[in-house]
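The structure under discussion appears below in the form of structure tokens.
All of the numbers you see were taken from the coordinates with simple rules; none came from a lab. From a predicted model like this one, the values you see are computed outputs, not experimental measurements. All Cβ positions, even for glycine, are placed from backbone atoms using ideal geometry, and neighbour counts span all protein chains on display.
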Amino acid sequence: MDNREQQASTSRNGTGLVAVALGALMIAAAGTTAAYWIHSRGAEASSKPAVGTSEPKGRPTVTAPSPTGPEPIHTDIYFDFKSTRLTAQAVHLLQDKAALMEKTSTWAVLVQGYADRQGPAEYNKLLARQRAEAVKQFLVELGVPDPSVKVAAVGPDGAICDAPSRECQQLNRRVHVEIRKLTHAAATPVRAVSAEGRESVRDTNDQP
């Protein structure tokens, strides 16, 4: 074999080796790509929720409960200058409000006393409490249970008008009454019969 034949044979052998090497590289690359694709599909499948379940949408929204029950009753009782005596108008107004309170229900009553700013602050604070106590006493006489009525003396600090006019000062000499009906099951009144056979209503919350 002369030199030209040897060179041709060597060239064919080299070309074959290169082709084999390229084929092996392509097969390896194809295997790597297939393995990556299978792994990616598996990870994607594991991240999806199971059938019948939904993806979480973040933290659930919590809605605060809204107040229920009937609207509270509000009214203002006005007093004369330096007086703790109920006027005829105040008496009629309290009678009307007390008539709305069914005896078979449980009620919470807040009575807040106020006064004008004329005179010493301590005196006006005491006057405000006495006015509130006068309103409470009358409500109790009308049949409202004494434990249901709470008294608070605000005094001149709760003045809603600062003008020196007579009308303005009259607005400050008042008692504000707030009446709320309790609807909670634990506050359901219980009818009790006394030894004389008379029926009375008592609140279960007052029991020890």
Self-check item: Label-reachable residues, the stretch 68-110, where backbone N falls under 15 Å from a point 7 Å from Y123's Cα toward its Cβ
Solution: 81-84
Quiz item: Applying the Karplus parametrisation 6.51 cos²θ - 1.76 cosθ + 1.60 with θ = phi - 60° to the phi angles of the stretch 146-152, what ³J(HN,Hα) value in whole Hz is obtained for each residue in order, glycine and proline being reported as x?
Solution: 4, x, 7, 9, 10, 10, 9
Exercise. Under 11 Å from the Cβ of V109, count the other residues' Cβ atoms, weight Lys and Arg +1, Asp and Glu -1, and hand me the total.
Key: +3
Exercise. At 7 Å along the Cα-to-beta-carbon direction for both Q89 and D157, put a label point, then send me their distance in nm to one decimal.
Key: 2.9
Practice problem: At 7 Å along the Cα-to-beta-carbon direction for both D146 and Q130, put a label point, then send me their distance in nm to one decimal. | Solution: 2.1
Exercise. Residues in the stretch 93-130, backbone N under 19 Å from the label point at T75 (7 Å along the Cα-to-beta-carbon vector): list them, ranges by number please.
Key: 93-114
Exercise. Please list, in chain and number order, the residues 5+ apart from G155 or on another chain whose amide H is under 5 Å from its amide H, with Hs placed from the backbone.
Key: G113, Y114, A115
